[in-house]
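The structure under discussion appears below in the form of structure tokens.
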Amino acid sequence: MAFHIQKPAAIGSGTVYYAGGSRWTDDYSQRQSFGTDAAARAVTEASSTVITGTRIGAGFVGATIVSD
């Protein structure tokens, strides 16, 4: 079973899908697929790097993991 990450669109209505990196898309066919629920959850977990101060996972607030 495959999984993907989605969240409500910030502007307007509808749903956006995680496409990888820092990209989100409203095109379902361009979503990134994960082999396990755990792999998808690992991407959404908030963490930060000490060197750059970059916060990873912050864009996933309100996102849910959905099985395909």
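Read-outs throughout are calculated quantities, based only on the coordinates presented, and are distinct from any laboratory measurement. Please read these numbers as outputs of a predicted model, since none were measured by experiment. Please note: Cβ atoms are built from the backbone with ideal geometry, for glycine as well, and neighbour counts cover all protein chains shown.
Would you please state which residues of the range 1-24 a label at VAL43 would reach in this model, taking the label point 7 Å out along Cα→Cβ and a backbone N cut-off of under 18 Å?
1-10, 15-24
I'd like the Karplus ³J(HN,Hα) series for the range 25-35: coefficients 6.51, -1.76, 1.60, θ = phi - 60°, whole numbers in Hz, and an x wherever there's a Gly or Pro.
9, 8, 8, 4, 6, 9, 5, 8, 9, 10, x
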